[in-house]
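Just below is one structure, and these are the notes that go with it.
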Amino acid sequence: MKIQPTIILTLVLLLLMAGAGTASGWFAYVLGDIALKGVSQPDVSPAKKLTNPNPETLDTEGNPEAELSLLLDEAQLIKAAEEIIKGDNQVPEPPTPEPEASPEPEADDSDDTTAAPDFEPITGADQGITLAVTNAAQRDGGLVLDVNLKNESSAAVQFLYSFLEVRDQQGRSLSAITDGLPGELPANGEAFNGTIRIPSALLDEAETLTLTLTDYPDQNLQLTVAAIPVIR
């Protein structure tokens with residue numbers, strides 16, 4: 001019987017595939033054996049964990065009698081428990097930690113206020129009406145004057161603060177912004193507080209200031225406060 005070439009070719013291919021698979025398996029086994037050299041199974045004996053609190057200092061491996069000798073004595077355990085129950089062997093309580101001292105708050109340097117030391121109030125009066133500058137300080141990019149108005153006359157007085165004049169020692173007129181001052185000042189003797197702010201950019205050559213305020217609309221009053229020091 002004549003063997004077909006196709007059958008021969010198929011058998012050769014099967015033999016080659018089997019040989020290649022065997023060689024691959026052997027090669028993988030050799031690599032795995034080399035990689036696992038020096039690796040041993042860890043000791044997970046529960047008895048050794050309980051009886052050997054410091055396995056680095058006690059060598060009981062391979063010695064069962066030494067391992068059993070490390071077991072705690074039952075009688076001693078019972079005696080220690082009875083002493084604790086009777087109060088003879090109280091377990092000391094841990095010390096109470098002292099509260100940490102709270103850090104002192106740091107000084108806030110965000111407020112760039114510079115006040116005049118021992119500022120002496122300066123006043124100007126006319127017909128029972130008084131205008132007083134009680135303090136001066138550099139704040140928010142300008143010179144801020146704390147002022148108050150008081151009416152000790154017999155009639156209320158009205159003011160329009162666009163008529164307020166601010167001049168330096170050289171007579172130059174300076175812009176100012178008022179805040180908190182009343183439009184009408186009643187005749188009750190009460191002091192009404194407010195502020196006058198002059199931008200610092202206008203005070204480069206100013207040493208002293210003069211305020212002048214008149215009533216509205218009659219303009220019969222002339223309230224003048226002079227020699228106000230410029231605080232820097």
Within the range 194-210, does at least one residue satisfy the condition of being in contact with a Ser or Thr (Cβ under 6 Å, 6 or more places away or on another chain) and of a type in the set (Lys, Arg)? no
Within the range 214-232, restricting to residues that are assigned to a loop (DSSP other than H, G, I, E, B) and within 47 Å of the chain's Cα centre (by Cα), the one that is farthest from Leu160 (Cα to Cα) is Arg232
Just need a number here: residues in the range 132-177 that are charged (D, E, K, R) and within 14 Å of Thr212 (Cβ to Cβ). 4
Tally, over the range 147-168, of residues that are part of a strand (DSSP E or B) and either surrounded by 13 or more Cβ atoms within 10 Å (Cβ to Cβ) or of a type in the set (Ser, Thr, Tyr) (or both): 11
If Asn188 satisfies all but one of (1) modelled with pLDDT of 90 or more; (2) open to solvent by 80 Å² or more (accessible area, probe 1.4 Å); (3) under 20 Å from Gln138 (Cβ atoms), what's the number of the condition it fails? (3)
Counted residues in the range 169-213 being part of a loop (DSSP other than H, G, I, E, B) and either more than 41 Å from the chain's Cα centre (by Cα) or free of Cβ contacts under 8 Å to residues at least 60 places away in the same chain (or both) come to 19
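The values are calculated or read from the model by the stated rules, or taken from the named source; none is laboratory data. On a predicted model such as this, the values are computed, not experimentally measured, just so you know. Heads up, the Cβs are rebuilt from the backbone with ideal geometry, glycines too, and the neighbour counts pull from every protein chain shown. For accessibility, only protein heavy atoms count, side chains too; no ligands or nucleic acids. Shrake-Rupley method; radii C 1.70, N 1.55, O 1.52, S 1.80 Å.
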